[in-house]
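Read through the structure below, which is laid out as structure tokens, and then see the notes.
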Amino acid sequence: MFWLKTKIVEGDGSLSYLSKAAKGHERVLILSSSSMKRHGFLEEAEDYVRDAGAEVFSIVGLPAEPSVEVIEEFLPKVREFNPDLLVALGGGSVIDTTKALKVFYDAPEVEFEEIAFIDRFSKPKPVPKLKTPLIAIPSTSGAGSEVSAASVLKKGDVKYNIVTPEIAPDIAILDPRLPRTMPAEVARNSGLDVLVHGIEAYTTKVANPFSDAMAIKAIKTVYKWLPLSVKGDEDARAKVHYAATMAGIAFLNARLGLCHAMSHKAAWIGPHGLLNAIFLPYVMEFNMRNDYARKRYAEIARELGFSSAKDLVEVVKELNEMLGVPKLSELVDEETFVSRVEEMAEKAYRDGLVYFNPVEPKPEEIRELYLKAFYGE
Ligand SMILES: NC(=O)c1ccc[n+]([C@@H]2O[C@H](COP(=O)([O-])OP(=O)(O)OC[C@H]3O[C@@H](n4cnc5c(N)ncnc54)[C@H](OP(=O)(O)O)[C@@H]3O)[C@@H](O)[C@H]2O)c1
Ligand SMILES: [Fe+2]
């Protein structure tokens, strides 16, 4: 099965679609990160909402890599304004925060612990029907949250997902002017997340020909254009921006795998996309013991002009190197990492995404992978 809830509006200047989308609404709440205010996009968005005849209120300064505490902090403000339309203007972090706020605003009776996927061996409670529509306007080219059914939140040091079609945005506005203001590092980290989304979505147990099409197009685009996008090339930024949403559509359907399970449980170390980029080659080497995974990696390799699964691992490593992705040991010291590796491995083993990975890993194998990534073996 292939599905997509979100209507996608794209193109330079497409932010103006907000004036159409906000028509008929009375109270529109925009949730935004600081950079969107700094670069004038928040003000522009507010004007479009006013053009539609609606009242607008903005909450600015939503943080990166959100936690459950962030939701608790902002929820009273959302309730106070009582919006009938939510607009998320920012990166994956802002969109995920807004999705979670939508859950607890529309369904005040639910608790994070009951609805989040904490452990794949116990099923969470279903999220009830939610009523407030959500428009996502991504300012990074990475998470794919503008079309996905997931919100990823930190609780303590690790990340857990809320997954329900109820939080998949109703509309995604892809205006390439927004990601053009990303600093190179944000462009790199979020862009590498797109590559990981594409490769993992293409190799899960539930991939289908339609998710494959989206995954392959996203992978090829990132491979060809990410280095230029990181340098700031405007056309490349637009291409990677659309690829991010395509990869989002791929994993909305085909889900993700062990690499994301590992990065979510190592979230205390650094930005999401960067951790994924570091873990990916190790996870691929591990998955290559499986015929299906090897065949699928080889298919991707051929799409990129190479021939084998092994080539693809090399391609990923070279891209990381070319883009200056640091070693894990440059992000965290050995003693801290080693002292926590057991716990991370156990939690990653219990992450719901492991179910979709082509190989079922044992906790001690995940521990080995974390250590290999740390020592760069
Ligand atoms: N829901 C899903 O399906 C899904 C999938 C994958 C990842 N994720 C999650 O998404 C999050 C990562 O999102 P992300 O990679 O998009 O990055 P992000 O965390 O949303 O953004 C990183 C930083 O980039 C800055 N920034 C964003 N857009 C900018 C722009 N256009 N110009 C200048 N600066 C800009 C922001 O700074 P300011 O704060 O100054 O604005 C922000 O602090 C993680 O928490 C990850 O777990 C979710
Ligand atoms: Fe991701």
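Please state the shape class of the stretch 271-369: rounded when a/c is under 1.5, otherwise prolate if a/b exceeds b/c and oblate if not, all from the C-alpha gyration tensor.
Working: a/c = 2.56, a/b = 1.30, b/c = 1.97.
Oblate, since a/c reaches 1.5 and b/c is not below a/b.
Under the definition of Cα pairs under 8 Å and six or more residues apart, what whole-number percent is the relative contact order of the chain? Don't skip to the answer; put the middle values down first.
Details: 783 pairs, mean separation 59.8, N = 377.
Normalised by residue count, the contact order of the chain is 16 percent.
The peptide list 7-19, 103-115, put in order of mean Cβ contacts within 10 Å with the highest first, becomes 7-19, 103-115.
Which of rounded, prolate or oblate describes the stretch 68-150 when judged by the alpha-carbon gyration tensor and an a/c cut-off of 1.5? Let's see the in-between values first.
Values: a/c = 1.75, a/b = 1.16, b/c = 1.51.
Oblate, since a/c reaches 1.5 and b/c is not below a/b.
Convert 25 °C to kelvin, take the viscosity as 0.890 mPa s, use the Kirkwood radius over C-alpha pairs of the chain as Rh, and evaluate the Stokes-Einstein diffusion coefficient in µm²/s, rounded to a whole number. Translational D for this selection: 119 µm²/s.
Return an integer: the convex hull volume of the alpha-carbon atoms of the stretch 119-188, in Å³ per residue. Please list the in-between numbers first.
Details: hull volume 8.5 nm³, N = 70.
Per residue, the Cα convex hull of the stretch 119-188 comes to 121 Å³.
With one equal scatterer per alpha carbon and no solvent term, the Debye-computed log10 I(q)/I(0) for the stretch 32-176 at 0.09, 0.10, 0.20 1/Å reads -0.25, -0.31, -1.29.
Roughly how tilted is helix 363-375, in degrees to the nearest 10 and between 0 and 90, from the longest Cα axis of the chain? The two axes meet at around 90 degrees.
The residues of the chain have, on average, 40 Å² of accessible surface per residue, using a 1.4 Å probe with all protein chains present. For the chain, the mean residue ellipticity at 222 nm estimated from helices alone is -16500 deg cm²/dmol, where every DSSP H run of n ≥ 4 contributes -39500 (n - 2.57) and the total is divided by all residues, rounded to the nearest 500.
Once you charge only the Cβ atoms, +1 for Lys and Arg and -1 for Asp and Glu, what is the size of the charge dipole of the chain about its Cα centre, to the nearest 20 debye? Don't skip to the end; give the middle numbers.
Numbers: 46 positive and 55 negative charges, 192 e Å.
Result for the chain is approximately 920 debye, rounded to the nearest 20.
In this simple spin-label approximation, VAL332 and TRP3 carry label points 7 Å from Cα along the Cα→Cβ vector, and these lie 3.5 nm apart.
Rounded to the nearest 10 degrees, the inclination of helix 309-322 to the longest alpha-carbon principal axis of the chain is 60 degrees.
A dipole drawn for the stretch 244-372 from +1 and -1 charges on Cβ atoms has a positive end, and of GLY248, VAL315, GLY270 the residue lying farthest that way is GLY248. Placing unit charges on the Cβ atoms of the charged side chains and taking the dipole of the chain about its Cα centre, the candidate lying farthest along the positive direction among ASN290, LEU192, THR336 is ASN290. Please give the helix 184-202 orientation as an angle from the longest Cα principal axis of the chain, in degrees from 0 to 90, rounded to the nearest 10. Between the helix axis and the principal axis of the chain, the angle is about 70 degrees.
Starting from the Cα gyration tensor of the stretch 182-375, take the square roots of the eigenvalues, sort them a ≥ b ≥ c, and report rounded, prolate or oblate (rounded when a/c is under 1.5, otherwise prolate if a/b is larger than b/c, else oblate). Let's see the in-between values first.
On the way: a/c = 1.69, a/b = 1.19, b/c = 1.42.
Oblate, because a/c is 1.5 or more while a/b does not exceed b/c.
For the pairs LYS123/LYS159; LYS77/LYS155; LYS23/LYS239; LYS205/LYS231; LYS123/LYS310, flag any whose C-alpha to C-alpha distance is greater than 28 Å. Long pairs (Cα-Cα over 28 Å): LYS23/LYS239; LYS205/LYS231; LYS123/LYS310.
The values are calculated or read from the model by the stated rules, or taken from the named source; none is laboratory data. Since we're looking at a predicted model, the values are computed, not measured. Backbone-built Cβ (ideal geometry, glycine too); neighbour counts: all protein chains shown. The area values use the complete protein model at the heavy-atom level, side chains included, leaving out ligands, DNA and RNA. Shrake-Rupley method; radii C 1.70, N 1.55, O 1.52, S 1.80 Å.
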